[in-house]
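See structure below.
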Amino acid sequence: MLTAGLLAALVLLALVSAGLGAYEIPLGDVLASLGNRIGLGGRPLDRTAESVLWNIRLPRVVLALLVGASLGCAGALMQGVFGNPLAEPGVIGISSGAAVGAAGSIALGLGFLGTWTVSVCAFVTGLGTVLLVYAVSRDGGRTEVVTLILTGIAVNAFAGALIGLFIFFADNAQVTQITFWQLGSLAQATWPKVLAVLPWAVAGLAIAPLYARKLDLLALGERPARHLGVDVERLRMVLILVVALLTAAAVAVAGIITFVGLLVPHLLRMANGPGHRFLVPGSALGGAVVLTAADLGARTVAAPAELPLGVLTALLGSPFFFWLLRRTRRRQGGWA
């Protein structure tokens, strides 16, 4: 029932989001145009409506679905790997590493890939940061969770310093561009950007559920999981790589968007328990729902202006996260 509810909410939100905006397109016209394009009847709209729908709205909706699903799934995997429902992908430096690449490419005026330069640099540095964190924290053929977290914290701090240096040496226009990239947005969504994210998102979302049973065993503890036949070190390495691919691709095209990978798995765990066979794909669905709704709000709440998507998710997510912490504290009788 929960899966069906999430799917229904996702379809409804996607259709509503495709129609709402400065140029409003009725829901019936959206369905008619979609049916016409896929050969299920319907009819084409006038030239302006067709252009707005297919060149502006639908790329943004599809990109929101992919980015939200990637962040939600990555959050569920991180929480399973670390055995902590409060873990999220930024812990191991993916977001900050991607921000270094984006800020560096902007501040240095790089343009070797045209409009793709910032996104590609962000993706490469985000992925490279995770590999660096994993390599540094590995010792004696093993990687302890605590060491991985502490290494990630140190790398995040170093990345923040690098971003500060890039901002210091950038001119006013570049500072503005860096700032808006860090705030997160889907305003520049295009079909090429959708196609750039699609293979990484599909690969990660297809691989992640295959490890659901092993994540359930890992929740028992590392030693019991090893006794039950789980290669804990290999599992951790593969899933961190999947998380890195999902998050780096999402951050590269959308900027830094917080709390989706943290809150969505947490809420689904409260609603349906900790089993990863539902939690991993369910978090992908939930993340897509949340980000599609957030993007719709970002461009309609303060119309004709547009709120930064990362700011909106943080404004809504941080109080809710605080409520979850207080709720957990009351149930456990304290923090210990």
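The values are calculated or read from the model by the stated rules, or taken from the named source; none is laboratory data. From a predicted model like this one, the values you see are computed outputs, not experimental measurements. Neighbour counts are summed over all protein chains in view; Cβ atoms, including those assigned to glycine, are modelled from backbone coordinates with ideal geometry.
Determine whether residue 278 is on the phi > 0 side of the Ramachandran plot and under 20 Å from the mean Cα position of the chain (by Cα). Steps first, answer last, please.
Values: on the phi > 0 side of the Ramachandran plot: no; under 20 Å from the mean Cα position of the chain (by Cα): yes.
Here the answer is no, as residue 278 does not meet what is asked.
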*Hey, residue 198 hits all of (1) more than 24 Å from residue 285 (Cβ to Cβ); (2) surrounded by fewer than 17 Cβ atoms within 10 Å (Cβ to Cβ); (3) among the aliphatic types (A, V, I, L, M) but one; which does it fall short on?*
(1)
*For residues that are polar (S, T, N, Q) and more than 15 Å from residue 61 (Cα to Cα), scanning just segment 1-43, find the one that is surrounded by the most Cβ atoms within 10 Å (Cβ to Cβ).*
33
*Total residues in segment 304-336, condition at pLDDT below 80 and farther than 24 Å from residue 72 by Cα*: 8
*So, in segment 171-195, of the ones that are more than 21 Å from the chain's Cα centre (by Cα) and of a type in the set (A, V, I, L, M), which residue ends up surrounded by the fewest Cβ atoms within 10 Å (Cβ to Cβ)?*
173
*Matching option when the condition is surrounded by 19 or more Cβ atoms within 10 Å (Cβ to Cβ), in contact with a Lys or Arg (Cβ under 7 Å, 6 or more places away or on another chain) and either in a loop (DSSP other than H, G, I, E, B) or hydrophobic (A, V, I, L, M, F, W, C) (or both), among 148, 63, 77, 127*: 63
*Exactly one condition in (1) crowded, with 16+ Cβ neighbours inside 10 Å; (2) without any contact (Cβ under 8 Å) to a residue 12 or more places away in the chain; (3) of a type in the set (Asp, Glu) is not met by residue 216; state its number.*
(2)
*With segment 170-279 as the region, which helices (runs of 4 or more DSSP H) entirely inside it contain at least 2 residues that are closer than 30 Å to residue 299 by Cα and hydrophobic (A, V, I, L, M, F, W, C)?*
172-183, 191-207, 232-254, 260-272
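Return a yes/no flag: does segment 160-170 have any residue that is under 21 Å from residue 244 (Cα atoms) and under 22 Å from the mean Cα position of the chain (by Cα). Reasoning before the result, please.
Pass one, segment 160-170, residues under 21 Å from residue 244 (Cα atoms): 160, 162-163.
With under 22 Å from the mean Cα position of the chain (by Cα) added as a condition, the list becomes 160, 163.
Yes, that holds for at least one residue.
Could you please let me know if residue 101 is crowded, with 18+ Cβ neighbours inside 10 Å, of a type outside the set (A, V, I, L, M) and either assigned to a loop (DSSP other than H, G, I, E, B) or touching a residue at least 24 places away in the same chain (Cβ under 8 Å) (or both)? Working first, answer last.
Working: crowded, with 18+ Cβ neighbours inside 10 Å: yes; of a type outside the set (A, V, I, L, M): yes; either assigned to a loop (DSSP other than H, G, I, E, B) or touching a residue at least 24 places away in the same chain (Cβ under 8 Å) (or both): yes.
Yes.
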*Would you pick out the residues in segment 1-50 that are in contact with an Asp or Glu (Cβ under 8 Å, 6 or more places away or on another chain) and within 30 Å of residue 279 (Cα to Cα)?*
17
_Residue match in segment 245-267 (condition: in contact with a Pro (Cβ under 9 Å, 6 or more places away or on another chain), over 26 Å from residue 102 (Cα atoms) and not basic (Lys, Arg))_ = yes
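Among 96, 33, which is part of a helix (DSSP H, G or I) and in contact with a Lys or Arg (Cβ under 9 Å, 6 or more places away or on another chain)? Write out each step before concluding.
Details: 96 fails: in contact with a Lys or Arg (Cβ under 9 Å, 6 or more places away or on another chain).
After applying the criteria, what remains is 33.
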*Could you grab the pairs with beta carbons closer than 8 Å, sequence gap of 6+ or different chains, first residue in segment 292-303 and under 14 Å from residue 18 (Cα atoms), second one among the basic types (Lys, Arg)?*
295/60
*Exclusive hit being surrounded by fewer than 16 Cβ atoms within 10 Å (Cβ to Cβ) and either closer than 22 Å to residue 13 by Cβ or under 16 Å from the mean Cα position of the chain (by Cα) (or both), set 291, 315, 296*: 315
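Suppose the filter is modelled with pLDDT under 90 and of a type in the set (D, E, K, R); does residue 139 pass it? Break it down into steps so the answer makes sense when it comes.
Working: modelled with pLDDT under 90: yes; of a type in the set (D, E, K, R): yes.
Answer is yes for this residue.
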*Can you name every residue in segment 130-145 that is surrounded by 16 or more Cβ atoms within 10 Å (Cβ to Cβ), of a type outside the set (Lys, Arg) and more than 30 Å from residue 188 (Cβ to Cβ)?*
134, 137, 143
_Let me spell it out: the conditions are (1) within 30 Å of residue 94 (Cβ to Cβ); (2) in contact with a Gly (Cβ under 9 Å, 6 or more places away or on another chain), and residue 17 meets all of them except one. Which number is the exception?_
(2)
